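Some notes on the structure that comes next.
The values are calculated or read from the model by the stated rules, or taken from the named source; none is laboratory data. A quick note: this is a predicted structure, and the numbers were derived from the prediction, not measured. Here Cβ is always computed from backbone atoms with ideal geometry, including for glycine, and neighbour counts include all displayed protein chains.
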Amino acid sequence: MARTDLLSGVTVLDLTNVLAGPFTGYQLACLGARVIKVESPEGDLARRLGADPAYARSLMGISFLAVNAGKESIALDLKHPDGKAVLLRLVERADALVENFRPGVMARLGLDHETLARSNPRLVYCAISGFGQEGPLAHRPAYDQIIQGLSGVMSVTGDTASAPLRVGYPVCDTIGGLTAAFAVCAALFRARATGEGSFVDVSMLDATIATMGWVVSNFLNAGVEPRPMGNDNFTAAPSGTFRTGAGLLNVAANEQKQFEALCRLVGAPGLAADTRFAEREARKRHRAELTAALEAKLAARPAAEWEDILVAGGVPAGRVLSVPEILAHPHASEGEAIATYAGVPGTPRDVRVARPGFRIDGARPAAAARPPALSEHRDRLLAELGYDGAARAALAASGAVG
């Protein structure tokens with residue numbers, strides 16, 4: 001399995017649950033970091049989540065499998081003094097720590113950044129939360145749908161009849177995780193150069209707003225309030241989703257030459273000279289009429305045929321596919337988009353998960369190992385930290401470790 005080792009030698013403690021934080025750790029693991037997942041004795045909640053109840057009953061929920069490959073697992077009771085002592089030993093050897101507790105929780109445990117930095121000044125400490133460590137919303141819990149609504153994402157998703165509408169996957173959790181991974185890598189770069197650690201405060205709300213650059217800019221700089229436009233692109237026309245003889249087709253004829261080529265290819269060259277459509281802003285004003293005229297021509301062929309014709313003619317186009325359809329497409333199936341892991345405990349078949357969406361020197365990153373069972377690496381990690389057999393048994397008996 002292809003992998004990259006850009007973060008080889010970096011140790012990350014992942015104290016996170018469910019999605020945003022675990023997604024951060026997964027990205028770092030795929031880049032070669034050693035990621036130690038520190039779980040509660042009950043384990044990450046995601047171990048009990050996902051579409052197949054049998055996986056959840058074995059504490060290897062499908063939601064957990066998606067973002068935890070490549071990690072080692074140890075379960076610690078951080079309220080137990082001996083469990084806390086184990087974490088402190090791990091921190092002394094770590095380069096980064098990622099947590100996604102509500103603000104104040106780690107301080108109450110005596111494990112906040114200020115405390116940990118005293119024993120490891122080069123530690124990159126990343127706190128992921130719904131709203132950041134400060135501000136009027138800071139102490140609210142982080143739930144993706146809540147943040148989708150508060151951020152404005154839902155207000156521009158859907159059309160005038162269906163909006164506000166939730167994006168169909170946990171987009172704010174995912175954005176928060178990517179933002180945190182990016183920030184941790186930047187902070188690690190400085191720590192390696194100077195020995196100076198960092199406190200990285202990731203707000204899922206702020207991270208989501210940051211990705212809405214165009215619609216935010218339109219409002220801030222032009223006073224244009226974003227509105228839901230369904231499958232239409234607010235920046236251009238014809239740019240959106242069109243009905244064909246069979247299936248839906250996305251077309252992005254955003255440039256004048258692309259529009260003219262589209263008109264020619266569908267057999268309606270006169271549309272390019274029509275005063276309603278000849279110029280970019282006019283096309284946006286007469287979007288509905290232009291869509292109707294194009295769909296009348298697109299009805300002659302199925303979307304799959306039009307996709308080939310338009311792309312060959314220089315017009316950006318693509319069918320609207322389901323998740324199973326794109327995963328079966330050669331571009332994904334032959335492009336190493338999916339990593340496969342055999343022998344995952346508690347699972348009846350090989351586990352397949354999405355890899356990061358980039359290549360480095362031609363290699364598509366992937367985690368080096370399968371997702372871990374709960375506290376699977378406990379004894380090995382405790383031995384590394386200097387606990388002998390009797391001490392390890394005592395920790396387990398006390399409940400300090402899972």
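Scanning region 48-66 for residues that are in contact (Cβ under 8 Å) with a residue 40 or more places away in the chain, part of a helix (DSSP H, G or I) and over 18 Å from the mean Cα position of the chain (by Cα) yields Ala54, Tyr55. Against the list (1) at pLDDT 95 or above; (2) within 27 Å of Gln148 (Cβ to Cβ); (3) among the hydrophobic types (A, V, I, L, M, F, W, C), the condition Ala236 fails is (1).
For region 141-164, how many residues are buried (at least 17 other Cβ atoms within 10 Å of the Cβ), of a type outside the set (Gly, Ala, Ser) and in a loop (DSSP other than H, G, I, E, B)? Counting residues in region 141-164 that are buried (at least 17 other Cβ atoms within 10 Å of the Cβ), of a type outside the set (Gly, Ala, Ser) and in a loop (DSSP other than H, G, I, E, B) gives 2. Of the residues making up region 355-363, none is surrounded by fewer than 12 Cβ atoms within 10 Å (Cβ to Cβ), at pLDDT 95 or above and at negative phi. What about Asn250, is it closer than 30 Å to Pro302 by Cα, part of a strand (DSSP E or B) and not aliphatic (A, V, I, L, M)? Yes, satisfied.
Summed over region 217-240, the residues that are touching a residue at least 40 places away in the same chain (Cβ under 8 Å), over 13 Å from Val251 (Cα atoms) and outside any loop (DSSP other than H, G, I, E, B) give a count of 0. Entry remark, region 76-98: residues being in a helix (DSSP H, G or I) and either over 18 Å from Glu384 (Cα atoms) or among the small types (Gly, Ala, Ser) (or both) number 3 in total.
Taking the criterion of being assigned to a helix (DSSP H, G or I) and in contact with a Lys or Arg (Cβ under 7 Å, 6 or more places away or on another chain), the only residue of region 178-216 that qualifies is Ala191. Residues of region 1-30 being over 24 Å from Tyr143 (Cα atoms) and surrounded by fewer than 24 Cβ atoms within 10 Å (Cβ to Cβ), which ones? Across region 1-30, the qualifying residues are Met1, Ala2, Arg3, Thr4, Asp5, Leu6, Leu7, Ser8, Gly9, Val10, Thr11.
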